[in-house]
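Chemist: Supplied in structure tokens, the structure appears directly below.
The values are calculated or read from the model by the stated rules, or taken from the named source; none is laboratory data. Small disclaimer: the values here were computed from a predicted structure and weren't measured. Glycine also receives a Cβ, built like all others from the backbone with ideal geometry; neighbour counts cover every protein chain displayed.
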Amino acid sequence: MTKKKTFIIAGAVVVAAVLAGLILPKVLGGNKEELVAEVPPTVTAEKPQIRSIELSNELIGTIEPDSIVYVTPLGSGEVTNIGVKTGDVVTAGQLLCVIDTKQVESSRITAETTRIAYEDAKKNLDRYSVLYAAGDVAEADYQSLVDKTETARLQYENAKIAYNLQLESSQVTSPIAGRVESLSISVHDMVSPQTTLCVISGEGGKAVTFYVSERIVGGLKAGDSIRVEKNGTDHTATITEVSTMVDDSSGLFKVKASIPSGDTLATGTSVKLYVISQKAENVLTVPVDSVYYEGGNPFIYTYLDGTLKKNAVTVGLSDNDYMEVKDGITADDQVVTTWTSELYDGSKVTLATEAGEETQAADGTTETEGTEAETSESVQ
């Protein structure tokens, strides 16, 4: 019984040895797994730059003369003569039209009457002056005559002023030199001080008028330059007026800009214009894509000695490419400009330098990839 048991155990050992001989070489042979070391992600970085950021808005404006006058009469009456037509070039003081105010003749008669009364009073005073000097006229009587003569003089002066005003109201002249842009009257029309007789544009360039919201008007001031575009041609304009009151009809703020080279722009036409509504000059900036948000709060990754640092920042103005950073980083920081899912505060990374990344060849030598060599600094 003992011999049989021994034989069975010996056979089992032999079988196990044979199986081990068959299986072990396969396990230790070509199918064995190689352990691969984890490679840190490669990132690029750059220092923040000092730049100016400007935000522009596209608006629509209307072309008008740089200087323009709306001519209205001083009095009411009938138009009896018109001396100009639309498109005429006029000089300052040139007669535009004549208005029969029905008061010119009356004013002339009043002025003439007061003139005669004043001259009579003055002659009478001259006679009494001789008698007063001889002591034949009392002091009180002489002084009364002097006062009457002065009153007559003042009445005459006032009548002359009234007559000149009526005459000016009758003969309407151009207040400036320029071109008659429009003429809105005809002979025998009845006009009043509320009637616009004509519109005269001054000599020189053109201007553009446009309206902006409260958000935009805060960034505009007289002297700022804007770009005006019409039919593919650009013109440079300079803001001359910025209203501080809201226009009743539009609910916006009116702005006017002068276009010195805008002679070819027709009055009354619409143009596109581009205004800089917000500006940040000489500020620290980073690429927009390097700014991340967590819970609405911005942050930036910076690189230092192979490790990433997460920096909470305060940002300002931004355009399509760059964003202003007010605080949180300095001009000497290396701001990470690439993103991978492996970025986090304190993570180990490899910084790609300008020279190019070096790769390990099959024979163990080092070779450079790409036409522009990029080396990398591996951080363990």
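Chemist: When the stretch 113-149 is examined, which residues are found to be part of a helix (DSSP H, G or I), of a type in the set (D, E, K, R) and without any contact (Cβ under 8 Å) to a residue 40 or more places away in the chain?
Modeler: Our first condition is that a residue be part of a helix (DSSP H, G or I); within the stretch 113-149, this holds for 113-134, 139-149.
Add one more test, that the residue is of a type in the set (D, E, K, R), and what stays is 115, 119-120, 122-123, 126-127, 139, 141, 147-148.
Scanning the stretch 113-149 gives 119, 120, 122, 123, 126, 127, 139, 141, 147, 148.
Chemist: Let me ask something additional. Return yes when residue 177 is over 30 Å from residue 265 (Cβ atoms) and in contact with a Ser or Thr (Cβ under 6 Å, 6 or more places away or on another chain) and no when it is not. Even if it seems obvious, please write down each step before you answer.
Modeler: On the way: over 30 Å from residue 265 (Cβ atoms): no; in contact with a Ser or Thr (Cβ under 6 Å, 6 or more places away or on another chain): yes.
No; evaluated as a whole, the condition is false for this residue.
Chemist: Then there is this: Return yes or no: is residue 279 assigned to a strand (DSSP E or B), of a type in the set (D, E, K, R) and modelled with pLDDT of 90 or more?
Modeler: Values: assigned to a strand (DSSP E or B): yes; of a type in the set (D, E, K, R): yes; modelled with pLDDT of 90 or more: no.
The answer is no for residue 279.
Chemist: Let me confirm something: among 310, 348, which residue is without any contact (Cβ under 8 Å) to a residue 40 or more places away in the chain and of a type in the set (D, E, K, R)? Spell out the reasoning first.
Modeler: On the way: 348 fails: without any contact (Cβ under 8 Å) to a residue 40 or more places away in the chain.
Within the list 310, 348, the selection yields 310.
Chemist: Would you be able to tell me the number of residues in the stretch 167-209 that are crowded, with 16+ Cβ neighbours inside 10 Å and touching a Lys or Arg at 6+ places or on another chain (Cβ under 8 Å)?
Modeler: Qualifying residue count for the region: 6.
Chemist: Here's a check for you: in the stretch 210-227, which residue that is touching a residue at least 40 places away in the same chain (Cβ under 8 Å) and assigned to a strand (DSSP E or B) is surrounded by the fewest Cβ atoms within 10 Å (Cβ to Cβ)?
Modeler: Restricting to residues being touching a residue at least 40 places away in the same chain (Cβ under 8 Å) and assigned to a strand (DSSP E or B), the top hit is 227.
Chemist: Being assigned by TED's automatic domain parsing to the domain that holds residue 99, part of a helix (DSSP H, G or I) and touching a residue at least 12 places away in the same chain (Cβ under 8 Å): is that true of residue 153 here? Step through it out loud before you land on a result.
Modeler: Values: assigned by TED's automatic domain parsing to the domain that holds residue 99: yes; part of a helix (DSSP H, G or I): yes; touching a residue at least 12 places away in the same chain (Cβ under 8 Å): yes.
Yes, satisfied.
Chemist: Please tell me if residue 348 is closer than 13 Å to residue 40 by Cβ and basic (Lys, Arg). Don't jump to the end; show me each part of the working.
Modeler: Details: closer than 13 Å to residue 40 by Cβ: yes; basic (Lys, Arg): yes.
For residue 348, the condition - closer than 13 Å to residue 40 by Cβ and basic (Lys, Arg) - is met.
Chemist: Out of the residues in the stretch 190-204 meeting the condition of being out of contact with any Leu (no Cβ under 9 Å at 6 or more places or on another chain) and either assigned to a loop (DSSP other than H, G, I, E, B) or aromatic (Phe, Trp, Tyr) (or both), tell me which one is farthest from residue 83 (Cα to Cα).
Modeler: Taking the stretch 190-204 as the starting set, the residues that turn out to be out of contact with any Leu (no Cβ under 9 Å at 6 or more places or on another chain) are 190, 192, 194-196, 201-204.
The next check asks that each one be either assigned to a loop (DSSP other than H, G, I, E, B) or aromatic (Phe, Trp, Tyr) (or both); those that pass are 192, 194-196, 203-204.
On the way: 192: 19, 194: 21, 195: 17, 196: 16, 203: 20, 204: 23 Å.
The qualifying residue farthest from residue 83 (Cα to Cα) is 204.
Chemist: Which members of the stretch 289-298 meet the condition of being surrounded by fewer than 16 Cβ atoms within 10 Å (Cβ to Cβ) and either touching a helix residue (DSSP H, G or I) at 6+ places or on another chain (Cβ under 9 Å) or farther than 11 Å from residue 335 by Cβ (or both)?
Modeler: At the first step, the residues of the stretch 289-298 found to be surrounded by fewer than 16 Cβ atoms within 10 Å (Cβ to Cβ) are 289, 292-297.
Within the stretch 289-298, 292, 293, 294, 295, 296, 297 meet the criteria.
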